[in-house]
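Data first, discussion second: the structure below is written as structure tokens.
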Amino acid sequence: MRPFLKEKLKKFTSAKINGVEPNWSLKLFETYILLTPNIGEAEIRFEIKGIWEAPKGLMILAENNNSSINLNITEETCSDGMSDNSYPLKVRVVLGNKVLNGCGRY
């Protein structure tokens, strides 16, 4: 992994990331991702395999023995659709044929 991408990734590891419909959450670490696909479901661990710079953020590919996810985090204003809150991060997770859209904050 290129050093500058590792530094950019560190910036996002402190973010609280979640979405609604379904109510999912994601924790980003330097080498792996923990995804809770819905309230009450077990966390799924994915090892980070690749990181690419994207406009205003990062694209991350992670996988485990059963599946892979594509994560796109961008620094742009996001609304969760359920409240009037505004967040500084927009997040999109593709897990198989399921797309999870959400927001995050540092």
The chain: relative contact order as a whole-number percent, Cα under 8 Å and 6+ apart: 22
Cross-link pairs beyond the 20 Å C-alpha cut-off, checked among LYS56/LYS98; LYS10/LYS98; LYS27/LYS98; LYS56/LYS90: LYS56/LYS98; LYS10/LYS98
CD proxy at 222 nm, helix term only [per DSSP H run n ≥ 4: -39500 (n - 2.57); per residue of the chain; nearest 500]: -3000 deg cm²/dmol
Reach of LYS6 by Cα under 13 Å, taken over aspartates and glutamates that are not fewer than 8 positions away in the same chain: GLU30, GLU53
Gained length - PHE29 relative to LYS98, 0.36 nm times residue gap less alpha-carbon distance: 22.6 nm
Pairwise FRET efficiency - LYS56 versus ASN85, Cβ, R0 = 30 Å, nearest 0.05: 0.90
For the chain, diffusion coefficient by Stokes-Einstein and Kirkwood Rh (Cα), 4 °C, 1.567 mPa s, µm²/s: 94
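Here, each number is a calculation from the coordinates, and none is a lab measurement. No experiment lies behind these values; they were computed from the predicted model shown. Here Cβ is always computed from backbone atoms with ideal geometry, including for glycine, and neighbour counts include all displayed protein chains.
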